[in-house]
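Inspection log for the structure reproduced underneath, given as structure tokens.
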Amino acid sequence: MLTSKNAKLHLAKYLKEGLRYDSRKLDEYRDIKIETGVSNTAEGSAKVTLGKTEVIAGIKLSLEKPYPDTPDSGNLMVEVSLPSLASPEYESGPPGIDAIEFSRVVDRGIREGKVVDTKKLCMEPGEKVWSISIDIVVINNDGNIIDASGIAAMAALLDTTMPKVEGNTVNYKEKTKDRLPIDSWVVPATVHKIGEHFLVDLTCEEEEASDGRLTLAAKEDGRIYALQKGGDIPLTKEDLATMLKLGLDSGKKSLARLKEVLK
Amino acid sequence: MMSFSKRTDGRSLTDLRPMEAKVGVIDKADGSAYFKIGNTAAYAAVYGPKQMLPRFMQDPRRGVLRCSYSMMPFSGMGERVRPGQNRRAKEISMVTEKALLPVVDIEKFPNSVVDVFIELPQTDAGSRCAGITAAALALADAGIPMKDMVSSVACGKIDDKLLVDLSYEEEAFDGEVCDIPFAFMHNSGKITLLQGDGVVDTDSLLKLFDMAKEAAGKVYEVQKNALLEKYKVEGDLDADQ
């Protein structure tokens, strides 16, 4: 496609001068807006806005049987959905490969980073545990859905209050003051490579020109709990080192922003 | 069993829950809107008119309006709602289409489709009405030719009281309850949606029609203001636009 090729050349020319269309620096994130309690039917919820990108995360809790291999741990599930509402490119029906990849990358960060102490979610070993469903719905996509989804998921987990349990059933209408057992805070951060340039927090237009990307999920101390390379180009060791540094830096900024809002 | 005497949230029998509306909330849509009434909130987005695909679904005589109502997984009052269209969502999508079609002038768009997507981040009661109200706004925002505006609200009867815009708590009242969602065409005063759940007599139903019409007028005011908010032009307003 000639037009996209031209658009890419044009963007590359800008990037060479250290400029982006919205006048950000290459390593500059858009303002992260975080609003919690956006859905009162959810046990916890948050809306994250990055420029024109807007996602809503909601937590639902239920009592379920644990998985046979983890009889004393709660269950965790992440699902990102890209509804037809948000973009003409999103099709109705079962999740496409993008939504599946985004869900799994966000899931791995939360799971491997041990954000939730799932052992504390066990009510009766082998019989009854809390199951956490984290659903993230994209309302507006102007790029960087993975990071926005991961930040929203983290904020929604922190916003969650446990519903009341009566015998074997959950009374969703009565919320207790108990919180989820959150052990640590993890967010994903994605870095893209366009030509020789590395960028964070891309808009859709920039993502279209992307050659490759790397997402990492990290804690404040810089330890990494999940990785995902995307895009079609191979990366050198030097590429990787640059992307890790940029990713860790922007991850730290996202965590700092979360702390500001949620304390 | 106590008989119903007072509304749980202190409203009068003809009061609606607090409303807010905004158009142009989804950047990539041709038209979009957000509508909230009490604790029920709906986003709606319109895409089209565009060519209907696959081709065998095209109608060479007129355009097709296609609506999809969907609850976000965390938007139910109880357990997580599984994504995808269950029977309830399919039926609501269908009645939403029928509620909007009479005002949408798409005869002039043969072989085309106008897609309307409704997503609810939280629901209390009256979610189909909120969806229809948001969708009508989104159609207007998309510049789809419309003959009238559609405003939707439910009315009902609890024991011997007739009331407007029931909340979930009221729908669940332990007594004789009926809940009747209406959608009104503002100028013609005709209804494009009528469903009913629970027991009601003819006299009450006809009274509820009048109450719903008045209430829908209040919904209309909120819709009109949301459109003015975006499309208001200072000074002269070109009547041809």
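The values are calculated or read from the model by the stated rules, or taken from the named source; none is laboratory data. This structure is a prediction, so every number in the text was calculated from the model and none was measured. When we count neighbours, we look across all protein chains shown, and the Cβ atoms used for this are built from the backbone with ideal geometry, even at glycine.
Worth a mention:
- Subset tally (residues that are part of a loop (DSSP other than H, G, I, E, B) and either more than 22 Å from residue A:45 (Cα to Cα) or in contact with a Ser or Thr (Cβ under 6 Å, 6 or more places away or on another chain) (or both)) for the stretch A:78-112: 10
- Which listed residue, of A:45, A:39, A:23, is at pLDDT below 95, small (Gly, Ala, Ser) and more than 18 Å from residue B:28 (Cα to Cα): A:23
- The number of residues in the stretch A:174-227 that are touching a strand residue (DSSP E or B) at 6+ places or on another chain (Cβ under 7 Å), part of a loop (DSSP other than H, G, I, E, B) and polar (S, T, N, Q) comes to 1.
- Scope the stretch A:124-173; condition in contact (Cβ under 8 Å) with a residue 12 or more places away in the chain, over 16 Å from the mean Cα position of the chain (by Cα) and not in a strand (DSSP E or B); matching residues: A:125, A:126, A:127, A:160, A:168
- Which numbered condition residue A:70 fails, given (1) within 12 Å of chain B (Cβ to nearest Cβ); (2) modelled with pLDDT under 95: (1)
- Of all residues in the stretch B:183-198 being without any contact (Cβ under 8 Å) to a residue 40 or more places away in the chain and within 27 Å of residue B:10 (Cβ to Cβ), the one that is nearest to the chain's Cα centre (by Cα): B:184
- Taken together, the criteria exclude residue A:71 from residues that are of a type outside the set (Val, Ile, Thr), over 21 Å from the mean Cα position of the chain (by Cα) and surrounded by 23 or more Cβ atoms within 10 Å (Cβ to Cβ).
- Boolean, residue A:148 is at pLDDT 95 or above, within 12 Å of chain B (Cβ to nearest Cβ), surrounded by 24 or more Cβ atoms within 10 Å (Cβ to Cβ) and under 20 Å from residue A:218 (Cα atoms): no
- In the stretch B:66-78, residue farthest from the other protein chains (Cβ to nearest Cβ) [restricted to those that are surrounded by fewer than 20 Cβ atoms within 10 Å (Cβ to Cβ) and in contact (Cβ under 8 Å) with a residue 40 or more places away in the chain]: B:66
- Selection status of residue A:222, of a type in the set (Gly, Ala, Ser), out of contact with any Lys or Arg (no Cβ under 6 Å at 6 or more places or on another chain) and under 17 Å from residue A:145 (Cβ atoms): no
- Residues of the stretch A:89-107 that are modelled with pLDDT under 90 and not hydroxyl-bearing (Ser, Thr, Tyr): A:91, A:93, A:94.
- The listed residues are B:46, B:104, B:81, and the only one of them that is more than 14 Å from chain A (Cβ to nearest Cβ), buried (at least 20 other Cβ atoms within 10 Å of the Cβ) and not basic (Lys, Arg) turns out to be B:104.
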